[in-house]
Every structure is written in C-alpha cells, then in structure tokens.
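The values are calculated or read from the model by the stated rules, or taken from the named source; none is laboratory data. Here the structure is a predicted model, which means the values were calculated and not measured. Counting neighbours? That spans all protein chains shown, and the Cβs are built from the backbone with ideal geometry, glycine included. Heads up: the accessible areas ignore ligands, DNA and RNA and are worked out on the full protein's heavy atoms, side chains in. Shrake-Rupley method; radii C 1.70, N 1.55, O 1.52, S 1.80 Å.
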Amino acid sequence: MIYNIDFLIAAIVILLLILWYFLGQKRAEDLNNQIFLFFAVLGVLDVIAEFFSTYCITSPESGFGIAAVFITTVFYLLQALLPFTFLCYILSMHDNKLVSTKKMLLSGLPTLGLIGLILTNPFTGKLFCFDPSRGYVKGPWYLLMYYNAILHLTFAMLLIMIWRKKLGFQRVKVFLEILVISGGGVIIQLLNPFLLTTGFGVSLGILALFITINNPYANMDSLTGLYNHLYLTRKGNELVTAGRSFHIITVYLYQMKHINKIAGIQGGDFVLRLTARKLGALCGRKAFHITGKRFLILTSSLKEYEYYLDELKKIFDVNIKLNVENKSITIPAIISGILHAEKLGDSGRILEYAEYLESLSPQNGLTEVIQDDHQTMNGFLYNKRVEQYLHTAIAEDLFELYYQPVYSTQEKRFVTLEALSRLHHPELGWIAPDVFIQIAEKNHLIEQITDLQFCRVCRFLKEHGKLMEQLLNVKVNLSSLDLMRTDCSSHFIRIMDKYGIPHEWIQFEITETVATEYNAGLRRVAEEFTAAGIGFCLDDFGSGYANLNTVMRLPFSVIKVDRSLLFDICRDEKRAIFYESVVETFHKMNYHIVSEGVETQEEMEQISSWGVDMIQGYYFSKPLPEKELLELLKKQDNIER
Ligand code: C2E
Ligand code: CA
Ligand code: CA
C-alpha cells in the first residue's frame with residue numbers, strides 16, 4: 001500500500017490560495033483575524049511538512065537520513081500544535097482577548113507533554129523511527145498523536161456548546177462545521193493511515209473560517225470601501241476588553257435625505273463615496289462607514305484625535321460647494337467627538353452616545369462640532385436611566401394621567417380636556433413628558449404606553465360619565481408608531497367598546513410632522529376612525545414644516561396652534577399679523593382653533609380678539625390630576641346651575 005498524497009497537494013493549494021487572498025485584501029486588523037492568520041500559516045506549514053515527510057517516508061532508498069527524521073519531527077510538532085491552537089482560538093473568541101499565559105499553559109499541558117515526547121523521539125523512537133531496512137516505522141505510542149487531536153477537538157466542542165450563547169449562533173455553527181470537517185479528516189486517517197486526510201481536513205476547516213467569520217469582505221462596506229459596522233463592533237469590543245483607551249469621532253451627514261432629493265440616489269452615493277475618500281485620505285484605516293449617513297474615526301492617540309477634528313471642520317465647511325450631478329451643493333455635518341470612548345463599554349453604547357450628541361445639534365444647515373463633556377454624558381446617562389425605567393413603568397403600569405382643561409372663548413367655560421402622561425421616578429423625580437415620550441418612541445415602547453393610558457382615559461370616563469355632559473370630548477395624543485399599527489383603528493375602537501365609551505367622546509391629536517410624514521397611510525386610518533365617529537385634531541401647528549396640502553386632505557376638525565407662534569405677539573407686529581391671519585384662514589376653511597400655551601392675560605385678550613375658539617394654557621389651568629380636575633369641573637358646573 002502506498003501513501004496517497006493527492007489530499008495533501010489539494011490542501012496545500014487551498015491553503016496557499018486562502019493566504020494569497022487574505023493577505024492581498026484590505027482586511028480588519030483585529031484579534032480574530034490575527035489568530036486566523038496565525039492558524040492559516042501554521043496549517044500551511046503543517047501540510048508542507050507532511051508533504052516532505054511523506055516524500056522521505058515513501059522513498060527510503062533516497063537516503064534522506066537525518067533530514068527525514070528532522071522533517072517528520074517538525075511535522076509531528078505542528079500536528080501536535082494545531083488542535084491546541086484551535087482550542088486557543090475558541091478561548092480567545094469567548095474572552096474577546098488573547099488567551100492569558102496561565103490559561104494557555106493550563107490548557108496546553110497535554111500538548112506540552114506530547115511536544116516533549118516528539119522532541120525526545122529521535123532518541124526513544126516511541127512515536128516513529130527510521131529503520132535502515134524498513135524505512136519509516138511507527139512507534140508503540142504512535143496513536144497518542146491521534147488521541148491528542150481527538151481530545152482537543154472534543155474539549156473544543158464542549159466549550160462551544162457551553163458558550164454557545166456568548167459566541168453567537170453564526171460562530172457556533174461555523175466552529176461545529178470545522179470540528180466535523182477536521183475531526184472527519186483525523187478519523188479517516190486513523191482508520192486508513194495511507195489516506196492523508198488530516199491536513200486536508202485542516203485546510204477545509206480554515207477555508208470555512210475564511211469564507212465566514214474571517215471573510216475580508218465581511219468587514220468592508222461595499223459602497224465606500226471603508227470598514228463597516230460589523231468590524232467596529234468587533235474592534236470596539238476587543239479594545240474595551242483589553243482595557244485599551246481610544247477616542248471616537250463620528251461624522252453625521254444629516255442632510256443626506258435632502259441631498260438625495262436634489263441630486264438623486266446616484267448623486268447621494270457619489271457624496272458618500274467622496275466623503276469616504278476624504279476620510280480615508282485623512283485617517284487611512286481608522287475610518288469606518290457605519291450607516292448610510294454616519295462615518296466614524298477610531299484613534300488611540302489624543303494628538304491625532306485633535307488633528308482629525310480640526311481637519312474635519314475644514315472638509316465639511318459649508319462654504320465648500322460640491323458639483324454633484326451638475327448641481328452645486330454643500331454637505332453640512334455634525335461632527336461628534338468622544339474622548340476615551342472605552343468608558344462607554346461597548347460599540348453599541350458608543351454609537352448611541354454619538355446619536356445623543358447629534359440630537360443636541362440644531363441641525364440648521366451648518367456644520368457643527370459637539371464634544372462629549374460632563375454635562376452631555378450626564379444627559380445621556382439620564383436618558384439611559386429613563387429608558388430602563390420605562391420598561392418597569394410599563395410592566396407595573398406606573399404612569400399617571402393628568403388632564404388639561406381647554407377653555408371656550410365663546411361659552412366662557414372649559415369644554416374639552418387633553419390627556420397628558422406623567423411619570424415619576426423614585427430617584428430622578430418627575431420626568432418631562434417630551435423626554436420620556438421621545439425615548440419611548442425611539443425604543444418602540446410608545447404603543448404600550450398609549451394602550452395603558454388610553455385604557456386609563458376610558459376607565460376614568462366610564463367612572464365619571466356625567467362629566468361628558470359638560471364636555472365635548474377628551475383629546476388623546478397618538479404617536480406615529482401608534483398610527484403605523486396595522487390594526488390601529490379597530491384596536492382603539494375595541495378598547496372604547498370594551499369600556500362602553502361612546503366614540504364621539506374621544507378626539508385623537510396628531511402632530512403636524514406625523515400628519516405630513518405618514519399622510520398616505522394615515523388617510524385610511526383616519527377614514528376608519530371618522531366612519532366610527534371619532535374626531536381628529538391637528539396638534540402643534542406651526543412648530544415644524546407641515547405640508548398644508550397633504551395635511552388638509554386629512555379629516556381634522558380642530559387645529560391646535562403651537563405655543564411657539566404665540567411668542568411676542570403682544571409686541572411684535574409681524575408675529576401678531578401672522579397669528580391673526582392663521583386664525584382667519586383656518587376659520588374660513590371651517591376649522592375650530594385652539595391656541596396652545598397661553599400664559600398671560602395680555603396674550604389671552606389679544607388672541608380672543610382675533611376670534612380663537614378655544615384656549616389651552618396655564619392662564620386658565622395647568623394639567624391637573626383626576627381629583628383636582630373633577631373639583632374644577634364640579635365648581636364650573638355649580639356656577640352654571
Ligand atoms: P402637547 O401634546 O403639545 O401637549 C401640550 C403641552 O403643553 C403639555 O406639556 C402641556 O403641559 C404644555 N402646556 C400647556 N399649557 C401651557 C402653557 O401655558 N405654557 C407652557 N409652557 N406649556 C403649556 P407636557 O404635558 O409636558 O407634554 C409635552 C408633550 O409630550 C406633549 O405636547 C405631547 O407631545 C407629549 N405627550 C404627553 N403625554 C403624552 C401621551 O400620553 N402620549 C403621547 N403620544 N404624547 C404625549
Ligand atoms: Ca397634544
Ligand atoms: Ca401641542
């Protein structure tokens with residue numbers, strides 16, 4: 001029987017090709033890839049050593065003598081090391097850092113013993129020897145080589161199964177595939193020593209890693225050629241685990257939507273590629289493209305961090321105009337700097353913080369630099385605590401509901417209420433509703449809050465149905481996510497019916513921004529609500545950029561004019577004229593008008609003279625808890641009788 005070296009040749013070709021592609025690509029320089037490279041090089045050396053060793057073994061007549069012993073010893077050494085390196089690979093992936101020397105020594109004890117045996121083998125012949133007459137002869141302890149491989153692979157399999165959650169589904173799947181492939185190679189060769197399949201199994205295992213976890217393209221953003229989010233997560237987590245300090249700068253091109261509109265998608269792509277090129281030229285491999293609009297720079301040098309910040313300001317100076325698809329455009333950006341980003345824990349947190357910093361910018365068409373400091377960090381941590389508390393508050397229904405009465409200028413009494421949520425934190429105190437509502441919207445928790453509060457309104461009305469003899473309706477705020485539910489109208493109608501609340505008792509408020517953005521989808525929902533007798537109110541008119549044309553197609557009967565339009569109307573003539581004409585125009589279109597945020601008598605008199613129908617503001621009443629509201633309305637009822 002002669003040795004079949006075809007498998008070995010195939011293994012060498014596969015491994016050399018992998019190394020060729022891997023080294024030729026711009027690849028991620030993280031621990032995972034470094035270990036992979038080490039693994040692949042070791043694999044190549046192993047198969048090459050096996051190839052030459054087999055050549056010596058099969059040609060005893062060629063008289064290689066010492067060279068044959070030497071190359072076969074090297075081959076045995078590599079064979080002993082390979083299963084151990086795979087084990088270290090798993091340990092490193094689990095801890096996100098190189099295995100400590102202590103752990104390595106501990107888990108490497110069997111391998112160390114085997115290495116000792118291999119190194120002393122030329123004198124003992126326990127594993128193999130070269131007999132002048134018979135050539136290569138297996139020693140009595142020859143099988144130890146196989147046992148060592150099987151022992152390590154079994155141990156690796158156990159660890160993979162125990163750590164499957166932390167390693168993640170994709171890695172576990174790949175690792176198990178590798179174990180099966182390379183274990184299969186070992187077992188085939190154990191059963192038939194003339195089929196040299198061990199090295200072949202190793203090469204297939206490394207190939208599996210190359211096309212999955214260590215695929216150089218997986219870390220690259222295909223549009224810009226920069227590193228992507230996946231790599232940032234790996235690199236960030238690795239640096240944090242290693243206790244290394246690093247600094248982050250994110251570049252957020254917040255007007256990409258606008259750029260896409262004027263320059264088309266191709267123009268938008270061009271801008272992203274150009275930005276990537278400029279960032280690449282400035283910071284080389286430290287630049288990432290994280291999401292469509294967001295780039296990131298990661299550096300461990302403070303000097304570099306400051307230099308990059310200065311240079312980025314110049315790159316995104318709004319005075320620089322670009323010619324994109326024959327249109328001259330500027331690319332304003334929000335540049336956020338985070339010093340010692342490792343303090344945030346992981347890359348997910350870092351990006352959340354960057355987003356928080358970006359949210360502090362007015363996004364008014366200029367390029368702005370926002371740097372992390374104590375105050376911004378405290379604001380971020382406050383929001384995080386609120387986010388955490390929202391989960392508890394939802395689970396335990398800890399929200400409260402206040403009602404702000406709305407005054408009718410004609411009837412001179414309160415005619416409707418707005419239900420407003422309140423949340424008290426045991427340590428942070430009262431949390432501003434705009435703050436927790438925004439956080440709830442971002443975390444997709446708002447639907448649950450709306451449901452809890454809507455049931456609360458229904459319960460309250462069911463208990464105090466008599467109130468509705470004085471009132472037209474109760475206004476309830478809906479968020480965009482509430483409206484995006486597929487069963488939106490039937491869902492809220494079902495709740496009202498469950499409590500036996502007449503549909504006309506409820507009027508939903510939708511902000512102008514939501515009404516503009518979700519116009520088409522909203523129309524269907526609004527029609528279903530209207531058919532069921534439920535009213536609609538346009539909230540915050542004048543606070544954003546409502547598209548009146550689309551807004552007017554929706555069945556609103558009431559328009560609430562935002563408090564911001566009220567500013568200075570008693571002194572600024574232009575503002576007064578604008579407010580008055582808004583009232584006049586909407587009246588002509590048969591809408592009822594509520595003025596929001598009226599605080600002073602002066603404001604109240606001024607807008608009343610313009611014929612505003614209703615007034616909601618501290619001047620008449622702040623939002624009140626149930627008990628106080630009931631007292632106020634009872635007083636009003638008594639006066640009227
Ligand atoms: P909004 O819907 O515009 O509600 C009116 C806000 O103006 C309320 O703030 C109210 O307290 C405040 N306000 C009323 N009169 C005056 C005044 O004279 N001066 C001043 N400075 N403010 C006045 P609040 O309760 O803090 O709520 C803020 C925002 O949070 C609300 O604005 C609404 O967008 C949102 N919100 C509150 N509760 C809920 C809720 O249950 N669901 C949803 N989706 N949003 C809610
Ligand atoms: Ca409202
Ligand atoms: Ca409002």
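Rounded to the nearest 20 debye, the dipole magnitude of the chain is 2300 debye, with +1 charges on Lys and Arg beta carbons, -1 on Asp and Glu beta carbons, and the Cα centre as origin. Think of the chain as a dipole: +1 on every Lys or Arg Cβ, -1 on every Asp or Glu Cβ, centred on the Cα centre; then among Pro216, Thr58, Val324, Thr58 lies furthest on the positive end. Surface exposure of the range 1-95, expressed per residue as accessible area with a 1.4 Å probe, stands at 44 Å². Note on Lys321: lysines with a C-alpha under 19 Å away, same-chain residues under 8 apart excluded, are Lys257, Lys261, Lys278, Lys293, Lys313.
The dipole here belongs to the range 203-292: it is taken about the Cα centre, uses +1 on the Cβ of Lys and Arg and -1 on the Cβ of Asp and Glu, and is about 240 debye. Volume of the convex hull of the range 209-277 (Cα atoms only), normalised per residue: 106 Å³. Whole angstrom only: what separates the Cα centroid of the range 131-171 from the Cα centroid of the range 192-225? Cα centroid to Cα centroid, the span is 19 Å.
For Val324, the amide hydrogen comes within under 5 Å of the amide hydrogens of Ile329, counting only partners 5 or more places away or on other chains and with H modelled in the peptide plane. Rolling a 1.4 Å probe over the protein heavy atoms of the chain, with every protein chain left in place, gives an accessible area that is 59 percent carbon and sulfur.
Once a ≥ b ≥ c are taken as the square roots of the eigenvalues of the Cα gyration tensor of the range 572-630, is the result rounded (a/c under 1.5), prolate (a/b larger than b/c) or oblate (a/b not larger than b/c)? Because a/c hits 1.5 or more and a/b fails to exceed b/c, the range 572-630 counts as oblate.
Nearest 5 percent is fine: what portion of the DSSP beta bridges confined to the chain is antiparallel? Here the share of antiparallel DSSP bridges comes out near 55 percent. By DSSP, what percent of the beta bridges with both residues in the range 400-505 are antiparallel, rounded to the nearest 5? Bridges in the range 400-505 that DSSP calls antiparallel: roughly 75 percent.
Per residue, the accessible area of the range 253-321 comes to 51 Å², computed with a 1.4 Å probe over protein heavy atoms only. Measure nothing but the geometry: give the 0 to 90° angle between the long axis through the Cα atoms of 144-162 and the longest principal axis through the Cα atoms of the chain, rounded to 10°. Value to nearest ten degrees: 10.
Across the range 325-342, computed HN-Hα scalar couplings (Karplus, 6.51 cos²θ - 1.76 cosθ + 1.60, θ = phi - 60°) run 6, 6, 10, 8, 10, 10, 10, x, 9, 9, 9, 10, x, 10, 7, 6, 5, 4 Hz from first to last residue, x flagging Gly and Pro. Pairwise alpha-carbon distances in the range 334-437 exceed 19 Å for 59% of all pairs.
Annotation: amide H of Phe414 within the under-5 Å range of Ser408, sequence separation 5 or more or interchain, hydrogens built in the peptide plane.
When both the range 69-129 and the range 562-617 are represented by their alpha-carbon centers, they are found 83 Å apart.
Straight-line reach from Lys384: which aspartates and glutamates have Cα under 13 Å away, leaving out those fewer than 8 places along the same chain? List returned: Glu352, Glu355. For the range 401-539, the solvent-accessible area works out to 42 Å² per residue, with a probe of 1.4 Å and every protein chain left in place.
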